[in-house]
Amino acid sequence: MAHPYHHALSSVKKWGGTVDDYLGCHEFFDASKVILADFRHRALRHHAEGIFLLVT
């Protein structure tokens, strides 16, 4: 699985800015990898409610 840094680089390419602008967001979303170390971790925060939690 990709490191949050690589996801942040992808966000920079798509929306502009710097890696630091997105790194915290991707670290938050990918923190669930501690519980599930495969693609299933995405079910925990990679959706609208996860974005709401990030914003709050």
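The values are calculated or read from the model by the stated rules, or taken from the named source; none is laboratory data. In this text, all values refer to a predicted model and were calculated from it rather than measured experimentally. Every residue, glycine among them, receives a Cβ derived from its backbone with ideal geometry; neighbour counts consider all protein chains shown.
Restricting to segment 5-50, give me the number of residues that are in contact with a helix residue (DSSP H, G or I) (Cβ under 7 Å, 6 or more places away or on another chain) and part of a helix (DSSP H, G or I). Lay out the reasoning, then the answer.
We begin by selecting, within segment 5-50, every residue in contact with a helix residue (DSSP H, G or I) (Cβ under 7 Å, 6 or more places away or on another chain); these are 5, 7-9, 11-12, 18-19, 22-23, 25-30, 32-33, 35, 41, 44-46, 50.
Okay, now just the ones that are also part of a helix (DSSP H, G or I), so 5, 7-9, 11-12, 19, 22-23, 25-30, 32-33, 41, 44-45, 50.
Qualifying residue count, segment 5-50: 21.
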- [ ] Please identify the pairs in which a residue from segment 23-42 that is more than 13 Å from HIS7 (Cα to Cα) has its Cβ atom under 8 Å from the Cβ atom of a residue that is β-branched (Val, Ile, Thr), counting only partners at least 6 apart or on another chain.
- [x] HIS41/ILE35
- [ ] Within segment 1-21, track down each residue that is of a type outside the set (D, E, K, R), farther than 22 Å from ARG40 by Cβ and free of Cβ contacts under 8 Å to residues at least 12 places away in the same chain.
- [x] LEU9, VAL12, TRP15, GLY16, GLY17, THR18
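I'm checking my understanding of the structure. Among residues of segment 12-36 that are exposed (fewer than 13 other Cβ atoms within 10 Å of the Cβ) and of a type in the set (Val, Ile, Thr), which one is modelled with the highest pLDDT? If you could, list the steps in order and put the result at the bottom.
Within segment 12-36, the subset exposed (fewer than 13 other Cβ atoms within 10 Å of the Cβ) is 13-18, 20, 24, 34-36.
With of a type in the set (Val, Ile, Thr) added as a condition, the list becomes 18, 34-35.
Values: THR18: 97, VAL34: 84, ILE35: 85.
Looking at the filtered set, the residue picked out is THR18.
Kindly provide the set of residues from segment 21-32 that are under 17 Å from SER10 (Cβ atoms) and out of contact with any Leu (no Cβ under 7 Å at 6 or more places or on another chain), ordered by number. Working first, answer last.
First, the residues of segment 21-32 that are under 17 Å from SER10 (Cβ atoms): 21-30.
Result: ASP21, TYR22, LEU23, GLY24, HIS26, GLU27, PHE29, ASP30.
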Task: Filtered residue count, segment 37-52, keeping only those that are surrounded by 12 or more Cβ atoms within 10 Å (Cβ to Cβ) and hydrophobic (A, V, I, L, M, F, W, C) - done: 2
